[in-house]
Structure formats: C-alpha cells, structure tokens
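Step one of this worksheet: look at the structure below.
The values are calculated or read from the model by the stated rules, or taken from the named source; none is laboratory data. In this text, all values refer to a predicted model and were calculated from it rather than measured experimentally. When we count neighbours, we look across all protein chains shown, and the Cβ atoms used for this are built from the backbone with ideal geometry, even at glycine.
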Amino acid sequence: MVEFEDPYFITNLSDSNLGANETWNSTINLGEGERLVNVTSEMDIAYAIPLYGYCMPFLLVITIVANTLIVVVLSKRHMRTPTNAVLMAMALSDMFTLLFPAPWLFYMYTFGNHYKPLSPVGACYAWRAMNDIIPGLFHTASIWLTLALAVQRYIYVCHAPMARTWCTMPNVLKGVVFISICATLHQSPRFFELVYEPTTIRWGDQNNVVVCKVKLADWIEHGLTPDVYYTIYFLFRVIFVHALPCISLVALNLLLFKALRKAQIKRNKLFKENRKGDCKKLRDSNCTTLMLIVVVTVFLFTEIPLAVVTVLHIISSSIKEILDYHVANILILFTNFFIILSYPINFAIYCGMSRQFRETFKELFIRGAVQATRGRNGAGSSKYSLVNGPRTSTNETVL
C-alpha cells in the first residue's frame, strides 16, 4: 500500500481516533520522539473497513486468479517474446503488491482487530514491512516496468531497426532484473528507519498490556535528521516514481497513437494494392500497439491522482502547509483501492484484444472448446496452431 508514513503511520496516544470504549490509557511516560503503534489512527476506519475489510478479499481472489492465469499463459514457449516478458513481470509485481498485505488487511479490517494493541515487537515489524514497505517495493517495480513496456513498444513502432539490438529477450530480462534491484534499493532504507520496543499500558480494564513503542532510528534522528531523510525519500519518489514516469507515459502514449494513425493509413494503402501479406503484418503490429496503449491508459488513470497527492504532500511538508491530511489520507485510501481494482483489468484486456492469448488460454484450460473449434474448421485448418503459429483474421493482436 502507498501511504504517508512520517506523520500518519504512528500517532501519539493523545491523538488517537479510538472510540470511547477503546481508549488506550497510558501508564507510562513516553520519551521525546516516541510513539505507540495505533493502527486505528492510520486511516479513516469508516472507509477502510468497507474497502479493505469487505471488498478486498474478493479483489484478492480475483487478482490472484487473473494474474496467475496471465503468468501461466505468457510463460508458454510459443508466447515468450520481449513484450510478453515485461507483461509477465508486471503481472507478478501487481499480484505481490496485494498478496503481501492481504493477511494483515484480513486481520485488521475484515476480522475487526484494528483497534487492538499490536504486539509483540516482531508483529509490529511484520505489519510495517508487509503492509507498506514490500508492497511499495513491488508497486514501484510495476510503475517502472510499465514505463519500460511503453519505451519498448515505441522503439518497435517508431525506430524498428533499433529494436533488433535493444529489444532482444536477453536485454529485456536484464532490464527487468535491473528494475527489480533499483526498486529494492529505493525501499531498503525503510526497513531500518523505525525501531520498535515493547512497553506496557493500561487498555480498557486490563493492566500491563504489551504494545509496541516506536521511534525513529538513531541514524535518522541524530544523523541525517528526519527533515533531510523524508525530504530526500519523498522527493526522489515524487520525481522518479510518480512524476517522470507518468509524464513520460503520457508522451509515449501520444506518440504511439500518432504512429498508429499513420500506420493505419499505410495499411489501407497496402490493402488497396492487394499486398495482403504486408497488410496482415502491419495490422498485427497495430493491434499490439493499440492493446498496450489501453494497458498504459488504465495505469495512468489510477497513478496520476496518487502522483498529484504525493506532490502536494511534498509541498505541504517542506514549503507551505496547504494539505488537509485527513482528506489526503482518505484520498490515498481510495487511490490505493482503485489501483488494486485495476489489477485484474489487464487480464480482461489481453483476453479481449489478443487472439493468441485467448487461444492459448483455451488450449490450456478449456480443451473441449478448442477441440470443438478445430472440429468445425477441419483437423488441418484450425484458426490457431501451436505448430504453425497464429492465423489471424480479425483486428486483434497476436502479441
């Protein structure tokens, strides 16, 4: 999940949003800069429970099934192309973005344990890592992979000779590994920025309830200082994870759409000249480009709002306070939800716009339907053959 960590993940006891019957009555004095983990104050429970507690389990099942099917289909030998390698990496990143926080979302919001003290210390570390840091890592990788996909398609369409050198399978796999390493390095300091310690409080009618006391690590508090550390982190994130990728993707989408229109005019000319072979190749290329434009467009609709809120957070934290953080956290909550909601959509796009993906899916999971289709078309003239490759007759991509 993408959240604002500095002021919102941890809150003072006196700032708690707990109800009257759920107040944490402290029996200790906290030191300067120390806080108690209070999950209820992390986000507006009125929205978090229905979205994360009730809707999320269904989305989790749909996402896991859809993205697993994408990986299985794209991993087949005849589907292994540079484009499909990036699409498969994106599917895995999206699935892991939701899979890691899922156990905690169930525990906190579906089963209604968000108001309870979180302990022991190991659980506090696990909550933070699995609910924020690791999902942030995979989501960052997904953003950069989407950008890599658009760049790759731009090279294919607008600079075809370069594709033979740059868009090979070994180079694409190296790019995927490089993106994964960069995303890991970007998030790795966050594993060490907070220190949790056990302490006891009075909670309701219970005395000596163990909870997690949390503070900034010494290397931030007395080294870089919190202002420097969080400014560097969020500034890097807003520039290289949100702003530049989104701006680049908008520009690349426009360039690809412009190239698509030119290619369509050329295809019409080839069709009039009865050059069916060249016309078919160009049609397949156009359909692949169109499908990837749709994938990138869906991505942008969910990512741009998050980028805007993050930019406002940077301005409000470092220059002038302009953001109502209660409203901002609600916006982040809904933005996170819509990002997750978009994950299964790619499967629908591939099935709807890629004939090869659809036929491979049928070959793997609906053999009866494929055999019936082959029977109607004759044993030696099937629309799709794993040996002879795709024989397209509609305006669909073969990836």
Quick check on region 172-180. Is at least one of its residues surrounded by fewer than 17 Cβ atoms within 10 Å (Cβ to Cβ), of a type in the set (D, E, K, R) and more than 30 Å from ARG77 (Cα to Cα)? no
Within region 54-77, is even one residue under 30 Å from ALA148 (Cα atoms) and modelled with pLDDT under 90? yes
For ILE239, indicate whether it is free of Cβ contacts under 8 Å to residues at least 12 places away in the same chain and surrounded by 13 or more Cβ atoms within 10 Å (Cβ to Cβ). yes
Testing THR392 on (1) surrounded by 15 or more Cβ atoms within 10 Å (Cβ to Cβ); (2) assigned to a helix (DSSP H, G or I); (3) at pLDDT below 75, one condition comes back false. Which one is that? (2)
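Among the residues of region 48-64, write down those that are of a type in the set (Ser, Thr, Tyr) and farther than 20 Å from TYR343 by Cβ.
Initially, region 48-64 is screened for residues of a type in the set (Ser, Thr, Tyr), giving 52, 54, 63.
Matches in region 48-64: none.
Might you let me know whether region 196-214 holds any residue that is of a type in the set (Phe, Trp, Tyr) and surrounded by fewer than 20 Cβ atoms within 10 Å (Cβ to Cβ)?
Going residue by residue through region 196-214, those that are of a type in the set (Phe, Trp, Tyr) are 196, 203.
Subsequent filtering for residues that are surrounded by fewer than 20 Cβ atoms within 10 Å (Cβ to Cβ) retains none.
No, region 196-214 has no match at all.
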Taking region 129-168 on its own, how many of its residues are over 24 Å from the mean Cα position of the chain (by Cα) and surrounded by 20 or more Cβ atoms within 10 Å (Cβ to Cβ)? 2
Would you check if there is a residue in region 82-95 being more than 13 Å from the chain's Cα centre (by Cα), among the polar types (S, T, N, Q) and not in a helix (DSSP H, G or I)? no
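Enumerate the helices (runs of 4 or more DSSP H) found wholly within region 265-354, keeping only those where 1 or more residues are of a type in the set (Val, Ile, Thr), in contact with a strand residue (DSSP E or B) (Cβ under 6 Å, 6 or more places away or on another chain) and modelled with pLDDT of 75 or more.
Numbers: elements: 276-318, 325-342, 345-353.
Correct list: 276-318.
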So which residues in region 116-161 are without any contact (Cβ under 8 Å) to a residue 24 or more places away in the chain, in a helix (DSSP H, G or I) and out of contact with any strand residue (DSSP E or B) (no Cβ under 9 Å at 6 or more places or on another chain)? ALA126, ILE155, ALA160, PRO161
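Those residues that are part of a loop (DSSP other than H, G, I, E, B) and β-branched (Val, Ile, Thr), I need them from region 43-81; list them, please.
Here is the first cut: in region 43-81, the residues part of a loop (DSSP other than H, G, I, E, B) are 43-44, 75-76, 80-81.
Result: THR81, single match.
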